[in-house]
Structures are given as C-alpha cells and as structure tokens.
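Chemist: Dumping the structure here so I can ask a few things about it.
The values are calculated or read from the model by the stated rules, or taken from the named source; none is laboratory data. What you are looking at is a predicted structure, and each value in this text was computed from that prediction instead of being measured. Quick reminder, even Gly has a Cβ in these numbers, built from the backbone with ideal geometry, and neighbours come from all protein chains shown. To get the accessible areas, we keep the full protein, side chains included, count just its heavy atoms, and leave off ligands, DNA and RNA. Shrake-Rupley method; radii C 1.70, N 1.55, O 1.52, S 1.80 Å.
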Amino acid sequence: MSGTLNSFVAANSNKCIGCKVCEIVCFAVHNKENQVAMAVGTIESPIIPRLYLVRGEDLKMPIQCRHCEDAPCANSCRIGAIKQEDNRIVIDETACIGCKTCLLACPFGAIDLLPQFEDGEAVIQANLKEEGEFGLEEKVKTVAYKCDLCKEHGKPACVAACPQQALTLVIPAEEKKRRNRQAAVNLLAAVK
C-alpha cells in the first residue's frame, strides 16, 4: 500500500481554444503499435483519443479521467478489466467485454466505448454477427477507452502538446505542499 494519491490531468477552460491537438497527440501516442503515420491524409483507422473535447457556446474543454481513488469504473467492472497500476486507473482493453457499466459509473463522462483496433485493423468479435447492408456481417469488437496518463509514454502527451498550456498534470502530494506553502506565506503577510 503506497499511500500516494493518483495523479490526473486538469483542464483550464479559460485557456482552451478547442483546437483538438490534445486528442490528436493522444491518439498518436496510443497507436504506435498500429503503425499510425501522423501526416495529413495517411490515417486509415478512426482517431480514438482517450480524452474528449467538449464544445459549447461558451465552453471548450477536454474531459479526462480523474483517476479516482475509489474509482467507480473499477468498482463496477465485473470482469476486472479496470485496475490501479502505478498510481493511475487503467483499462485492460484486451480483457474488456464492452458491457458499458464503467461508462455509466463514471461521474465525469471520461469513458467511451469505441471499436478496438490491432495492427491497424478492426478486431472482429468472435461468433457475433450484426445486420448489415448485405445481411449478417461480422461485428467489430467494442471496448472501453479512457485516459491512462500515457503509461507507455511516461508523461501525458496532451499536456506537453497543448499550444495554450490549458492542460496541467496534477500530482496531489505536490499540489498539497504548494498550497500549504502559499497558505503559510499568506498568513505571514496578514500578520505583518
């Protein structure tokens, strides 16, 4: 038991311009094994990021996983596909069965169910067909995706790529120390 709180990425909606660079870089980092070439017109599979930019009239902001300490998504996953690893909550996409309980349990809307790809090809679900334009057709496997703080990359690529510095990696222990120091400085200034 480490006692260290999970880190997460926070977005500043006042800085976000809705450019979607965070989504593109997220997709690129998580698809190196799918031989994704990041040049205009070269991506053949759908762009599947692990964060989702929301746009409204007065709001632009990426929605990302908060890596909850008592993660509702992990608590709801009956097959154990969602786990805590290295102070982050991650989904084992190969174990996910697409049951949607994590999607419904997430209070932030940070989980999406989308087609699974391996080596640039859609993964076909075994023994399940769906009605298509030409009768019964193979069904693509759908799995849960969410931010994993770029566990294979080492640090969140979206934070580094944001042209407006609207994204910040929050490390709770460091943030608490910073706030404690600031409170002490404010208290000393008020006493003087």
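Chemist: Being of a type outside the set (A, V, I, L, M, F, W, C), farther than 24 Å from CYS22 by Cα and modelled with pLDDT of 90 or more: is that true of GLY80 here?
Modeler: Judged against the criteria, GLY80 is a match.
Chemist: Being out of contact with any Phe, Trp or Tyr (no Cβ under 7 Å at 6 or more places or on another chain) and surrounded by 14 or more Cβ atoms within 10 Å (Cβ to Cβ) is the filter; apply it to segment 165-181 and report the residue that is modelled with the lowest pLDDT.
Modeler: Among them, the one singled out is GLU175.
Chemist: Take the residues in segment 31-59 that are under 18 Å from ASP148 (Cα atoms) and open to solvent by 70 Å² or more (accessible area, probe 1.4 Å); name whichever of them is modelled with the lowest pLDDT.
Modeler: If we take residues in segment 31-59 being under 18 Å from ASP148 (Cα atoms) and open to solvent by 70 Å² or more (accessible area, probe 1.4 Å), then GLU33 is modelled with the lowest pLDDT.
Chemist: A further question on this structure: Out of all the residues in segment 151-164, which are within 26 Å of SER76 (Cβ to Cβ) and at pLDDT below 90?
Modeler: Within segment 151-164, LYS151, GLU152 qualify.
Chemist: Restricting the search to segment 115-146, which residues are touching a residue at least 12 places away in the same chain (Cβ under 8 Å) and over 16 Å from ASN31 (Cα atoms)?
Modeler: Hits for segment 115-146 are ILE124, GLN125, GLU138, LYS139, VAL140, LYS141, THR142.
Chemist: Can you tell me which residue within segment 133-151, out of those that are on the phi < 0 side of the Ramachandran plot and under 13 Å from the mean Cα position of the chain (by Cα), is surrounded by the fewest Cβ atoms within 10 Å (Cβ to Cβ)?
Modeler: Top of the filtered list is LYS151.
Chemist: Within the set of pairs 6 or more residues apart or between chains, which connect a residue that is in contact (Cβ under 8 Å) with a residue 60 or more places away in the chain inside segment 163-192 to a residue that is assigned to a helix (DSSP H, G or I) and open to solvent by less than 80 Å² (accessible area, probe 1.4 Å) with Cβ atoms less than 6 Å apart?
Modeler: Partner pairs satisfying both residue conditions: LEU167/CYS158; LEU167/VAL159; LEU169/VAL159.
Chemist: Let me ask something additional. Which of the residues that make up segment 112-124 are open to solvent by 60 Å² or more (accessible area, probe 1.4 Å) and either within 13 Å of GLU138 (Cβ to Cβ) or not in a strand (DSSP E or B) (or both)?
Modeler: Passing the criteria: ASP119, GLU121, ILE124.
Chemist: Would it be correct to say that ALA71 is more than 27 Å from GLY120 (Cβ to Cβ), at pLDDT 95 or above and among the small types (Gly, Ala, Ser)?
Modeler: yes
Chemist: Give the number of residues within segment 154-164 that are part of a loop (DSSP other than H, G, I, E, B) and open to solvent by less than 80 Å² (accessible area, probe 1.4 Å).
Modeler: 5
Chemist: Determine, yes or no, whether PRO62 is under 23 Å from CYS16 (Cα atoms), surrounded by fewer than 13 Cβ atoms within 10 Å (Cβ to Cβ) and touching a helix residue (DSSP H, G or I) at 6+ places or on another chain (Cβ under 7 Å).
Modeler: no
Chemist: For segment 85-99, give me the residue count where each residue is surrounded by fewer than 17 Cβ atoms within 10 Å (Cβ to Cβ) and not in a loop (DSSP other than H, G, I, E, B).
Modeler: 1
Chemist: Another question, then. Taking the criterion of being among the polar types (S, T, N, Q), out of contact with any helix residue (DSSP H, G or I) (no Cβ under 6 Å at 6 or more places or on another chain) and either part of a loop (DSSP other than H, G, I, E, B) or farther than 30 Å from THR168 by Cβ (or both), would at least one residue in segment 73-81 satisfy it?
Modeler: no
Chemist: How about segment 100-111: which of its residues are open to solvent by 40 Å² or more (accessible area, probe 1.4 Å) and either of a type outside the set (D, E, K, R) or modelled with pLDDT under 95 (or both)?
Modeler: THR101, LEU103, LEU104, PRO107, PHE108, GLY109
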